[in-house]
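Worksheet: the structure to be examined is printed underneath.
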Amino acid sequence: MVGVILLTLIVALAVLAPVIAPQNPYDLTQLDILDGRLPPGSESFSGLVYHLGTDSQGRDILSGILYGLRTSLIVGVLSAFAAAIIGTTVGLIAAYVGGRTESAIMRLVDLQLSFPTILMALMMLAILGKGVLNVVIALIIAEWATYARTVRGTALVEREKEYIEAAEAFRLPRWRILFRHLLPNCLAPVIVIATMQVARAIGLEATLSFLGLGASVTEPSLGMLISTGYQYLLTGLYWISFFPGIALLITIVSINLVGDRLRDVLNPRNA
Amino acid sequence: MSALLEVRNLVTEFGKGLGLLAVNGVSFTLDRGKVLGLVGESGSGKSVTGFSIMRLLDKPGRIASGQILFDGVDLATTSEGEMRRLRGKRIAMVFQDPMMTLNPVLTVGTQLIEAVLAHEAVPKEVARQRARDALGLVGIPSPEERLSAYPHEFSGGMRQRVAIAIALLHRPDLIIADEPTTALDVTIQSQIISEFQRLTEQSKTAVIWITHDLAIVSRLADEIAVMYAGRLVETGSVAHVLGTPRHPYTRGLIMSVPSQNRRGEPLRQIPGITPAINRLPPGCSFRARCDRATEGCSAMPELSWEGARAYRCFHPVEGPTHER
Amino acid sequence: MAVSLIRRLIQAIFVILAMTVIVFVGVNVIGNPVDILINPDANQAERLRVIAHYGLDQPLWKQYMLFLQGLVHGDFGNSFVYGRPALSLILERLPATLELAISALLIAIVIGLPLGLYAGLYPNRISSRLIMSGSILGFSLPTFWVGLMLIMVFAVELRWLPTNGRGATAEFLGAQWSFLTRNGLSHLLLPAFNLALFKTSLILRLTRAGVQEVLPQDYIKFARAKGLSERRIVFVHVLKNLMIPLVTIIGLEFGSLIAFSVVTESIFAWPGMGKLIIDSINLLDRPVIVAYLMMMVILFVGLNFIIDVCYTLLDPRVRLDAKA
Ligand SMILES: Nc1ncnc2c1ncn2[C@@H]1O[C@H](COP(=O)(O)OP(=O)(O)OP(=O)(O)O)[C@@H](O)[C@H]1O
Ligand code: SF4
Ligand SMILES: [Mg+2]
């Protein structure tokens, strides 16, 4: 319950960022370099109060966090969603077609799953180059296999059940059996995994951005903000890294809490 | 001479104050070297009685009241350290499912040797020798090699022999055997029962043999105690209780066993099932299934003594079973 | 058993081959190294000379064969940036990364295992609940941010520990190690702890789950019935059963630790492979990227292989299956 409330709040903040943020942190004309690195609670010449301080370019940290949440959520949801669609389709096909195709697909899945996500993501970024979009693509490629394995497992159980046999006896086309009959029954585990995956993707995007492989300096995501604050940390200017990190933490924890709850409610066997 | 084991008004509950009394006021005594058959349907509280004596109840089970006097020591209240010294040494236990009683990742030898060392400070070599002899004693061929084998390399019957070997290691005064043959094939069942009987007689070990099977009880036991829904409903010598049962439930049990001297009669199952312990009707627990029940049975009958035997019933059955 | 090992070895080699194709095609088809290799002001002749020098004018398949050949000889070409063999660049930094990853793994085991055991043995204690809540936090906290906070608290505020580089090192087995000197050790502490945090939570939760699965088993009850001490039950009977899943996970997670050290190395300016690969990705230093990726592939496949072997050694049941 706490998770749901928190998450709703976070999503609302992210969606409404342009309305409620004191400043557009991506609009360089609004930034005043003279306001750089002000501590929390400082006031600018224009009378704007920087509740959480500013970064080195004079960017309001609070606004940066609100806009950064947008990026994080979009990256997280987009990559988890796309990976879910691809992985589910592949898993369903593997389970339904069987034979050589299935074992080939499952080999690939096992291969992929034996490497940690961050390594897959690094590999993809090494190939694709830097950038937020490439991070999304890397995350999709790194995560689809989880869904494929789970969906195949669930679908294999479902395939043996009577209603599929009945559907086959009626000579319904294969794709219809796949998507109208098998798919709905595989959805519960997919939803649970996808929720957890959003949290993981957000964490990974932040990590990759922190490493300088994701968002650009002019449109900072949470990871990027933390990264720019890193060099000032040693001189005691904690707020540039601290507050975005807290925002990130709360986001990830609340999504994980929701995921846990979903797992209990939907009670899938394979997630 | 006083009895080896005297259980007095044992009450074991699951869930504090919830009234989940798996064992409710059970009393019996057992002399040295004697065999008590503890019978009753599934869920009647036989295993819980056994585990109460061992003080190995699963959580949240606990002994709520009563005494378990073992050679003068009250096991219900004695210290955990004292219990640990008694377990395996003077009171041993054999479980129902031999497939589950041995640790799958330790060799049989390790599990025997540690049982020796738990109670005797002997060199490891001596313990190993003891372990090997114990395996030989329960009829396991080439015991030396088998010591280094893992449980999964043994059949169910062989594993139960190992468990019995462990139970007998220290020639305990009492063995609680909780349906040790139920999970086995009939032929192996019979072998194991004979072995068990031979070995316990040799070591003068008293046995509580928990079972559903009246045939086994009639073959093994001196005394019998019948449990129903956590209570003792009838107890006495095997000859008395099986020959002339007083409690309608005991009689029902006997009637449902195929037997030589009732040939030609139809087998009669007791109708209905054991009520769950959290939904017991007031009064006699057997009332809903009893063909002798009357209005008066809505009170709880006390144990009535008839010499050395006792039963818990307002309208006891008279005369031998088959005449009815 | 030998047969199954050989089969797994062949499988492993196939996986490595498959990954060489993926890595090679990926790096060569996308991203043009010529652009960063050549000064934009260079004339055409200069361009062609450089392209020919690095073999970039050859057809792809030929480049791949050259690449494979190089792989076998450990030759990935010279780094575009450093002008030195890519592999030796990486190998130079390998000890630093290994040291960090191994320290982190040790910390994770030393903290995670006992806490997990405790939380599993006494699930209802408040301390256990605190431990479990803490582990959720350990899961959710982004590693890099924790690293920054560690720096803030222990280096900036408290001034207890340094945050930069490996500190003094000493030679051992032909490589430089930080843990051998006091100064080096103080440099190692924060990064290792940072890297360990996530895995500590993982091992803790796995251990707890394992304990809770093993404890209710009959063989644990039987071990108690033998009169074994609680210590022996926990540290032999429970722990030995936990070892199988734990070794698997720990093996797999070691690889992931090496991959994740990228983050920690960047934060603490730890001069390992991870820092090198990030710089190389930023500079499109293709030979180093390829060499790193292939190192990781071989490392992971090798680890999986070792885990399989360990598994066989630890679980007697698997051993038998392989023999049959
Ligand atoms: N761990 C437990 N938690 C809650 N209740 C329990 C537990 N163990 C036993 N009980 C209760 O105690 C009652 C008696 O169980 P017990 O195992 O003694 O039956 P039994 O006579 O041995 O039956 P069976 O022949 O099936 O072994 C059961 O009805 C059960 O409800
Ligand atoms: S007391 Fe009544 S109900 Fe209970 S067994 Fe006797 S006759 Fe039956
Ligand atoms: Mg039982």
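Can you find a residue in the range B:72-85 that is surrounded by 18 or more Cβ atoms within 10 Å (Cβ to Cβ), away from ligand 3 (no atom under 16 Å from the Cβ) and either in contact (Cβ under 8 Å) with a residue 40 or more places away in the chain or more than 18 Å from the chain's Cα centre (by Cα) (or both)?
Checking the range B:72-85: at least one residue is surrounded by 18 or more Cβ atoms within 10 Å (Cβ to Cβ), away from ligand 3 (no atom under 16 Å from the Cβ) and either in contact (Cβ under 8 Å) with a residue 40 or more places away in the chain or more than 18 Å from the chain's Cα centre (by Cα) (or both).
Quick one: which of B:216, B:210, B:224, B:254 is more than 16 Å from ligand 2 (Cβ to nearest atom) and part of a helix (DSSP H, G or I)?
Values: B:210 fails: part of a helix (DSSP H, G or I); B:224 fails: part of a helix (DSSP H, G or I); B:254 fails: more than 16 Å from ligand 2 (Cβ to nearest atom).
Exactly one of B:216, B:210, B:224, B:254 is more than 16 Å from ligand 2 (Cβ to nearest atom) and part of a helix (DSSP H, G or I), namely B:216.
What about residue B:167, is it within 14 Å of another protein chain (Cβ to nearest Cβ), more than 16 Å from ligand 2 (Cβ to nearest atom), small (Gly, Ala, Ser) and crowded, with 18+ Cβ neighbours inside 10 Å?
Here the answer is yes, as residue B:167 does meet what is asked.
I'm trying to understand the selection: among the residues of the range B:38-50, which are more than 9 Å from ligand 3 (Cβ to nearest atom) and not charged (D, E, K, R)?
B:38, B:39, B:40, B:49 - these are the residues of the range B:38-50 that are more than 9 Å from ligand 3 (Cβ to nearest atom) and not charged (D, E, K, R).
For the range B:278-287, what are the residues that are part of a helix (DSSP H, G or I) and either more than 16 Å from ligand 1 (Cβ to nearest atom) or in contact with a strand residue (DSSP E or B) (Cβ under 7 Å, 6 or more places away or on another chain) (or both)?
So the first thing to find is which residues in the range B:278-287 are part of a helix (DSSP H, G or I), and the list is B:278-279, B:287.
Within the range B:278-287, just B:287 meets the criteria.
Out of all the residues in the range A:161-215, which are open to solvent by less than 70 Å² (accessible area, probe 1.4 Å), within 30 Å of the chain's Cα centre (by Cα) and of a type in the set (Val, Ile, Thr)?
A:190, A:192, A:193, A:195, A:198, A:202, A:207
Please tell me if residue B:13 is outside any strand (DSSP E or B) and not aliphatic (A, V, I, L, M).
Working: outside any strand (DSSP E or B): no; not aliphatic (A, V, I, L, M): yes.
No.
For the structure I just gave you, tell me whether residue C:126 is more than 14 Å from every other protein chain (Cβ to nearest Cβ) and either of a type in the set (Gly, Ala, Ser) or open to solvent by 40 Å² or more (accessible area, probe 1.4 Å) (or both).
It is true that residue C:126 is more than 14 Å from every other protein chain (Cβ to nearest Cβ) and either of a type in the set (Gly, Ala, Ser) or open to solvent by 40 Å² or more (accessible area, probe 1.4 Å) (or both).
Out of the helices (runs of 4 or more DSSP H) lying entirely within the range C:1-100, which hold 2 or more residues that are modelled with pLDDT of 75 or more and of a type outside the set (S, T, N, Q)? Working first, answer last.
Details: elements: C:2-29, C:33-37, C:44-53, C:60-73.
Here the list reads C:2-29, C:44-53, C:60-73.
Residue-by-condition table, conditions (1) open to solvent by less than 40 Å² (accessible area, probe 1.4 Å); (2) of a type in the set (S, T, N, Q); (3) touching a residue at least 40 places away in the same chain (Cβ under 8 Å); (4) within 27 Å of residue A:125 (Cα to Cα):
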site	(1), (2), (3), (4)
C:218	no, no, no, no
C:233	yes, no, no, no
C:258	yes, no, yes, yes
C:266	yes, yes, yes, yes
C:269	yes, no, yes, yes
C:275	no, no, yes, yes
C:282	no, yes, no, yes
C:294	yes, no, yes, yes
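Take residue A:91 and decide whether it is assigned to a helix (DSSP H, G or I) and buried (at least 20 other Cβ atoms within 10 Å of the Cβ).
So residue A:91 fits the description; yes.
Right, residue B:64: more than 14 Å from chain C (Cβ to nearest Cβ), within 16 Å of ligand 3 (Cβ to nearest atom), over 13 Å from the mean Cα position of the chain (by Cα) and of a type in the set (A, V, I, L, M, F, W, C) or not?
no
Checking the conditions here, which among B:102, B:56 is within 25 Å of residue C:235 (Cβ to Cβ) and within 16 Å of ligand 3 (Cβ to nearest atom)?
Residue meeting the stated conditions: B:56.
So which of B:206, B:177, B:221 ends up being within 16 Å of ligand 3 (Cβ to nearest atom) and closer than 23 Å to residue B:46 by Cα?
Exactly one residue qualifies, and that residue is B:177.
Restricting to the range A:105-144, what's the tally of residues that are away from chain C (no Cβ under 14 Å) and open to solvent by less than 20 Å² (accessible area, probe 1.4 Å)?
Here the count works out to 3.
Across the range A:221-242, what is the number of residues that are over 16 Å from the mean Cα position of the chain (by Cα) and away from every other protein chain (no Cβ under 11 Å)?
1
Does the range B:162-174 contain any residue that is part of a strand (DSSP E or B) and in contact (Cβ under 8 Å) with a residue 12 or more places away in the chain?
yes
With B:159, B:198 as the choices, which residue is farther than 25 Å from residue B:32 by Cα, part of a helix (DSSP H, G or I), more than 16 Å from ligand 3 (Cβ to nearest atom) and of a type in the set (D, E, K, R)?
Selected residue: B:159, the only one of B:159, B:198 that is farther than 25 Å from residue B:32 by Cα, part of a helix (DSSP H, G or I), more than 16 Å from ligand 3 (Cβ to nearest atom) and of a type in the set (D, E, K, R).
Could you check the range B:77-156 for helices (runs of 4 or more DSSP H) lying wholly inside it with 1 or more residues that are in contact with an Asp or Glu (Cβ under 6 Å, 6 or more places away or on another chain) and more than 21 Å from residue B:199 (Cα to Cα)?
B:98-101
From the list B:66, B:50, B:43, pick out the single residue that is open to solvent by less than 10 Å² (accessible area, probe 1.4 Å) and either among the β-branched types (Val, Ile, Thr) or within 16 Å of ligand 1 (Cβ to nearest atom) (or both).
B:50
Residue check, residue C:240 against (1) open to solvent by less than 10 Å² (accessible area, probe 1.4 Å); (2) more than 23 Å from the chain's Cα centre (by Cα), all met but one. Which one?
Of the numbered conditions (1) open to solvent by less than 10 Å² (accessible area, probe 1.4 Å); (2) more than 23 Å from the chain's Cα centre (by Cα), the odd one out for residue C:240 is (1).
Condition (residue is small (Gly, Ala, Ser), surrounded by 18 or more Cβ atoms within 10 Å (Cβ to Cβ), in contact (Cβ under 8 Å) with a residue 12 or more places away in the chain and more than 13 Å from residue C:28 (Cβ to Cβ)) applied to the range C:69-92: is it met by at least one residue? Please lay out each step first, then the result.
So in the range C:69-92, the residues small (Gly, Ala, Ser) come out as C:70, C:74, C:77, C:79, C:83, C:86, C:88.
Filter once more, keeping what is surrounded by 18 or more Cβ atoms within 10 Å (Cβ to Cβ): C:70, C:77, C:79, C:86.
When the remaining residues are screened for being in contact (Cβ under 8 Å) with a residue 12 or more places away in the chain, the result is C:77, C:79, C:86.
In the following step, the residues that additionally are more than 13 Å from residue C:28 (Cβ to Cβ) were identified as C:79, C:86.
Within the range C:69-92, one or more residues are small (Gly, Ala, Ser), surrounded by 18 or more Cβ atoms within 10 Å (Cβ to Cβ), in contact (Cβ under 8 Å) with a residue 12 or more places away in the chain and more than 13 Å from residue C:28 (Cβ to Cβ).
To keep it simple, each residue is scored yes or no on (1) of a type in the set (Val, Ile, Thr); (2) within 16 Å of ligand 1 (Cβ to nearest atom).
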{"position": "B:134", "(1), (2)": "no, no"}
{"position": "B:137", "(1), (2)": "no, no"}
{"position": "B:144", "(1), (2)": "no, no"}
{"position": "B:156", "(1), (2)": "no, no"}
{"position": "B:162", "(1), (2)": "yes, no"}
{"position": "B:169", "(1), (2)": "no, no"}
{"position": "B:209", "(1), (2)": "no, yes"}
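Right, residue B:188: modelled with pLDDT under 85 and part of a helix (DSSP H, G or I) or not?
So residue B:188 passes the test.
Determine if the range B:184-195 includes at least one residue that is touching a residue at least 24 places away in the same chain (Cβ under 8 Å) and within 24 Å of residue B:243 (Cβ to Cβ). Please lay out each step first, then the result.
Restricting attention to the range B:184-195, the residues satisfying the condition of being touching a residue at least 24 places away in the same chain (Cβ under 8 Å) are B:184-185, B:188, B:191-193, B:195.
Now narrow it down to the ones that are within 24 Å of residue B:243 (Cβ to Cβ): B:193.
Looking through the range B:184-195, at least one residue is touching a residue at least 24 places away in the same chain (Cβ under 8 Å) and within 24 Å of residue B:243 (Cβ to Cβ).
So which of C:280, C:266 is among the hydroxyl-bearing types (Ser, Thr, Tyr), closer than 19 Å to residue A:204 by Cα and more than 14 Å from chain B (Cβ to nearest Cβ)?
Among C:280, C:266, only C:266 is among the hydroxyl-bearing types (Ser, Thr, Tyr), closer than 19 Å to residue A:204 by Cα and more than 14 Å from chain B (Cβ to nearest Cβ).
Mind listing just one residue for me: the one in the range B:89-100 that is over 19 Å from residue B:152 (Cβ atoms) and open to solvent by less than 10 Å² (accessible area, probe 1.4 Å) and, of those, nearest to the other protein chains (Cβ to nearest Cβ)?
Only one residue tops the list, namely B:93.
Kindly check whether there is at least one residue in the range C:167-179 that is assigned to a helix (DSSP H, G or I) and surrounded by 17 or more Cβ atoms within 10 Å (Cβ to Cβ).
So the first thing to find is which residues in the range C:167-179 are assigned to a helix (DSSP H, G or I), and the list is none.
Checking the range C:167-179: not a single residue is assigned to a helix (DSSP H, G or I) and surrounded by 17 or more Cβ atoms within 10 Å (Cβ to Cβ).
The values are calculated or read from the model by the stated rules, or taken from the named source; none is laboratory data. All figures in this text were calculated on a predicted structure; none of them were measured in a lab. FYI the Cβ positions are ideal-geometry reconstructions off the backbone, even for glycines, and counts take in every protein chain you see. Just so you know, the surface numbers come from the protein's heavy atoms only, side chains and all, with ligands and any DNA or RNA stripped out. Shrake-Rupley method; radii C 1.70, N 1.55, O 1.52, S 1.80 Å.
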